[in-house]
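Read through the structure below, which is laid out as structure tokens, and then see the notes.
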Ligand code: ATP
């Protein structure tokens, strides 16, 4: 993990948040490469699950909703973690993460003191709407994107005229006042989720649960996650969230242990039923054939964006011995072997020298390639160092422009994984890269 955190900072993937003020614990900012990586994940997800399907539509709902939403969803009364405090050093921990001793105590992991009694701590972030901080003005930052889909269910149904089964998808930030955030971007207090609420008739829930489990597996494969590092944990009754009748946690072997990456839940008609009751709006669906009116049930696959970024980084990170320019010698290289679609930069254009004629020739190639690919142009340092940098950020192809290029109108293309180099005519370059990157 240390190596990944340090690479992320050094190369501009992820920085500590508010760093010039000494940081803010467990807050992180995505830098120039991190935002590309994260956007690639979100765009691919949207393309696959919204644009390429006829049964899913997207929304983008408000982060702060009417507080009654959280009353109806059960978050005000149930969305809490058990909290224990050390009476000596006043550190706080999640009770379910601290071992119980043989004589029934829980000890402070820092000082060994017996921890105080367990209290329930609500994870929602509170704020006030408007200038006066009164009880009547309390509002909450959403702890999940899901409620947006339930609250907008009727509007979506009426405007799209979708028939069951159909889903509503959303990508956006969620906020949880976690007791023990940590492990880099794994657990933070603000994070992004990609969620689908898939509305079905109750009788079909098992089939659609399996369908979405398969879709999540397919996604993980394309994200480059090794199958043997994934675990599918069917959560027993009593341990599931208050709304769920079946939950499968998809866990991944992170460097700090086996932890949840994504989740899949059967939320029954819990949410629509409660919103219908509390809002007084009729949220039932009318079957167009039978005329029967009923509340749809829901399968909810949910993906954490930041945990996707972290798992993709962990999987992509490789250290290996690579041959140097001198025959027979090798040196260590760090390379992020991202699947090509995921790489933040697809092509680097590297002129061998900064001399004006070569530089302007290479810049012209760059101007042409950026029409189609995310590119970087770099003419600083030695070519070896520039290759290392591109390896470290996972760029699949480096295009080297040399003095011969001015004559033969061809460039050398280096492959990140094989390090093989190929001479390609500039006229063919776009088509060559298009094919390689597809
Ligand atoms: P955990 O058990 O790790 O707290 P959870 O079961 O509460 O997670 P869900 O409510 O199922 O999580 O949230 C759906 C997804 O959102 C998770 O699978 C995860 O990818 C992501 N997620 C949840 N909490 C956080 C967080 N604090 N930081 C980053 N991602 C998160």
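Across the stretch 388-411, what is the total count of residues that are buried (at least 21 other Cβ atoms within 10 Å of the Cβ) and farther than 16 Å from residue 429 by Cβ?
Number satisfying all stated conditions: 4.
Out of curiosity, is residue 100 without any contact (Cβ under 8 Å) to a residue 60 or more places away in the chain and surrounded by fewer than 16 Cβ atoms within 10 Å (Cβ to Cβ)?
Criteria met by residue 100.
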task = Exactly one condition in (1) in a helix (DSSP H, G or I); (2) within 16 Å of the ligand (Cβ to nearest atom) is not met by residue 275; state its number.
result = (2)
key: Out of 262, 266, sole residue that is assigned by TED's automatic domain parsing to the domain that holds residue 37, in a strand (DSSP E or B) and without any contact (Cβ under 8 Å) to a residue 60 or more places away in the chain   = 262
task = Give, as residue ranges, the strands (runs of 3 or more DSSP E) completely inside the stretch 1-99 that count at least 2 residues that are closer than 23 Å to residue 305 by Cβ.
result = 14-16, 28-30, 56-58
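Every residue, every condition in (1) buried (at least 17 other Cβ atoms within 10 Å of the Cβ); (2) more than 25 Å from residue 31 (Cβ to Cβ); (3) free of Cβ contacts under 8 Å to residues at least 60 places away in the same chain, yes or no:
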| residue | (1), (2), (3) |
| --- | --- |
| 223 | yes, no, no |
| 226 | no, yes, no |
| 233 | no, yes, yes |
| 242 | no, yes, no |
| 258 | no, yes, yes |
| 299 | yes, yes, no |
| 302 | yes, yes, no |
| 330 | no, yes, yes |
query = In the stretch 212-220, is there at least one residue being at pLDDT 95 or above, away from the ligand (no atom under 16 Å from the Cβ) and within 26 Å of residue 339 (Cα to Cα)?
reply = yes
ask   = Inside the stretch 380-414, can you point out the residues that are assigned to a loop (DSSP other than H, G, I, E, B) and modelled with pLDDT under 95?
value = 380, 381, 382
query = Across the stretch 179-195, which residue is surrounded by the most Cβ atoms within 10 Å (Cβ to Cβ) among those that are under 18 Å from residue 29 (Cβ atoms) and at pLDDT below 95?
reply = 181
Search result, residues across the stretch 245-263 that are more than 9 Å from the ligand (Cβ to nearest atom) and in contact with a strand residue (DSSP E or B) (Cβ under 7 Å, 6 or more places away or on another chain) = 245, 246, 248, 251, 252, 258
query = On the given criteria, is residue 74 on the phi > 0 side of the Ramachandran plot, surrounded by fewer than 18 Cβ atoms within 10 Å (Cβ to Cβ) and without any contact (Cβ under 8 Å) to a residue 24 or more places away in the chain?
reply = no
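Within the stretch 176-193, how many residues are part of a strand (DSSP E or B) and more than 9 Å from the ligand (Cβ to nearest atom)? Walk me through how you get there before you give the answer.
As a first pass, look at the stretch 176-193 and keep what is part of a strand (DSSP E or B): 182, 187, 190-193.
Still in the running and more than 9 Å from the ligand (Cβ to nearest atom): 182.
The qualifying residues number 1.
The values are calculated or read from the model by the stated rules, or taken from the named source; none is laboratory data. All figures in this text were calculated on a predicted structure; none of them were measured in a lab. Here the Cβ is made from the backbone with ideal geometry for all residues, glycine too, and neighbour counts use every protein chain on show.
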